[in-house]
Amino acid sequence: MGMDFNRKLPIPKLIKEMYPLSAEVAKVKEERDEQIRAIFRGDDKRFILIIGPCSADREDAVLDYVSRLTKVQDEVKDKIFIIPRIYTGKPRTTGEGYKGMVHQPDPQRAENMLDGIIAVRRLHTRAIEESGLVCADEMLYPENYRYLSDILSYVAIGARSVENQEHRLVASGMDIPVGMKNPTGGDYSVMLNAITAAQNPHMFIYRGWEVVSSGNPYAHAIMRGYSNKHGNNIPNYHYEDLNLIYEMYEQKQVINRSVIVDCNHANSGKQYEEQIRIAKEVLYSKRHGDNLGDFIKGLMIESYIEDGAQKIGEGIYGKSITDPCLGWAKSEKLIYELADAL
């Protein structure tokens, strides 16, 4: 019964001192962060593409994948701003299964949170150093954000976390865009309340401190589909859905009216190849909707080196061990097709 306190983990400041960012990396991040903010403000008309594995399971394959994105980014940089998706915490509906690199830097070994924190920071640092691209992660545990607060350029709040008070308040203290997903039950008002909370200042307790946040004007919606009372997947990426959320933004007078569409999860029914069709449909809506051109800021796509998914232990390099992902060949082709359509 109860909890055993195994060991006291180092505070984020100490981990940052042990594994610091170089001046060159910090400069790259500063420059690209401002470009991302400009896109959300509407000053930069490029389209954001947050793309990468469902979960970052091994450093070598993730860095290989990001290096491939770098080459494509150079060719589409005038139209698309690529943010590699490096998700190191994996929410589990039942609490069972692989919980991400922060828990298990090696999925076939026992959980080790200290090794996980160090592995996550090393991976994110190497990704920027070796690619020049800045990355996204999901804020599964708000207290852990400080271990990466100097290195992340985009944060997502998951469908199961978006109603949580601490996630909302911590998001209000970030200076980077934070995407709030609609909850699994599909109630858009929950997501919009989260956005409003994140965009406003607050006083709260965080990591044992009384803190005051300034509010985050770059908090925005992520449409990821949802499930009805029968457990059936209901997509919300269609033209009508995006118009509806735009109107709800207007009614609530949200500061920054932006939306990202997640092409997988309940939108695709986790049928990973459907992401191709969904991405193209969203771009069609962006081009033809009176209010949607500037409102739709980008897409999320789950993509890795190999198509599909595998079980832990199968050992296929670059293949997801959680949700199925779109393989590299299809992903590369899709990115070029999106650039041509913009």
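The values are calculated or read from the model by the stated rules, or taken from the named source; none is laboratory data. Source: prediction; values computed, not measured. Don't worry about glycine lacking a Cβ; one is built from the backbone with ideal geometry, like all the others, and counts go over all protein chains shown.
Of all residues in the range 283-298, which are of a type in the set (A, V, I, L, M) and surrounded by fewer than 24 Cβ atoms within 10 Å (Cβ to Cβ)?
Correct list: Leu283, Leu292.
Taking the range 240-277, which residues are touching an Asp or Glu at 6+ places or on another chain (Cβ under 9 Å) and part of a helix (DSSP H, G or I)?
Residues satisfying the conditions are Asn243, His265, Asn267, Gln275, Ile276.
Based on this model, can you work out whether Ser67 counts as in contact with a Lys or Arg (Cβ under 6 Å, 6 or more places away or on another chain) and not β-branched (Val, Ile, Thr)? Give the steps one after another, and end with the answer.
Working: in contact with a Lys or Arg (Cβ under 6 Å, 6 or more places away or on another chain): no; not β-branched (Val, Ile, Thr): yes.
The answer is no for Ser67.
Considering each of Ile316, Ile305 in turn, give the residue that is under 19 Å from the mean Cα position of the chain (by Cα) and either surrounded by fewer than 19 Cβ atoms within 10 Å (Cβ to Cβ) or in a loop (DSSP other than H, G, I, E, B) (or both).
Exactly one residue qualifies, and that residue is Ile305.
With respect to Pro20, determine if the residue is more than 17 Å from Ala136 (Cβ to Cβ) and crowded, with 19+ Cβ neighbours inside 10 Å. Walk me through it before giving the result.
Working: more than 17 Å from Ala136 (Cβ to Cβ): yes; crowded, with 19+ Cβ neighbours inside 10 Å: no.
When the stated conditions are applied, Pro20 does not pass them.
Quick check, is Ala171 over 15 Å from Arg85 (Cα atoms), surrounded by 24 or more Cβ atoms within 10 Å (Cβ to Cβ), in contact with a Ser or Thr (Cβ under 6 Å, 6 or more places away or on another chain) and not basic (Lys, Arg)? It would help to see each step written out before you state the result.
On the way: over 15 Å from Arg85 (Cα atoms): yes; surrounded by 24 or more Cβ atoms within 10 Å (Cβ to Cβ): yes; in contact with a Ser or Thr (Cβ under 6 Å, 6 or more places away or on another chain): no; not basic (Lys, Arg): yes.
No.
If a residue has to be surrounded by fewer than 20 Cβ atoms within 10 Å (Cβ to Cβ) and touching a helix residue (DSSP H, G or I) at 6+ places or on another chain (Cβ under 8 Å) to count, how many in the range 67-77 make the cut?
Result for the range 67-77: 6.
Of all the residues that make up the range 190-208, how many are in contact (Cβ under 8 Å) with a residue 40 or more places away in the chain and out of contact with any Lys or Arg (no Cβ under 8 Å at 6 or more places or on another chain)?
Number satisfying all stated conditions: 3.
Between residues in the range 86-108 that are modelled with pLDDT of 90 or more and crowded, with 17+ Cβ neighbours inside 10 Å and residues that are among the aromatic types (Phe, Trp, Tyr) and part of a loop (DSSP other than H, G, I, E, B), which pairs lie under 9 Å by C-beta distance while being six or more apart or on different chains?
Gly89/Tyr141; Gly100/Tyr87; Met101/Tyr87; Val102/Tyr141; Gln104/Tyr98; Pro107/Tyr98
Is it fair to say Pro201 is within 16 Å of the chain's Cα centre (by Cα), in a loop (DSSP other than H, G, I, E, B) and at pLDDT 95 or above? Give the steps one after another, and end with the answer.
Working: within 16 Å of the chain's Cα centre (by Cα): no; in a loop (DSSP other than H, G, I, E, B): yes; at pLDDT 95 or above: yes.
Answer is no for this residue.
Among residues belonging to the range 149-168 that are in contact with a helix residue (DSSP H, G or I) (Cβ under 6 Å, 6 or more places away or on another chain) and assigned to a loop (DSSP other than H, G, I, E, B), point out the one that is surrounded by the most Cβ atoms within 10 Å (Cβ to Cβ). So that I can check it myself, show each step before the final result.
In the first step, residues of the range 149-168 are kept if they are in contact with a helix residue (DSSP H, G or I) (Cβ under 6 Å, 6 or more places away or on another chain); the result is 151, 153, 157, 161-163, 166-168.
Add one more test, that the residue is assigned to a loop (DSSP other than H, G, I, E, B), and what stays is 151, 161-163.
Details: Ile151: 21, Ser161: 21, Val162: 26, Glu163: 17.
Selected residue: Val162.
Given (1) crowded, with 20+ Cβ neighbours inside 10 Å; (2) without any contact (Cβ under 8 Å) to a residue 40 or more places away in the chain, where does Val211 come up short, assuming only one miss?
Exception for Val211: condition (1).
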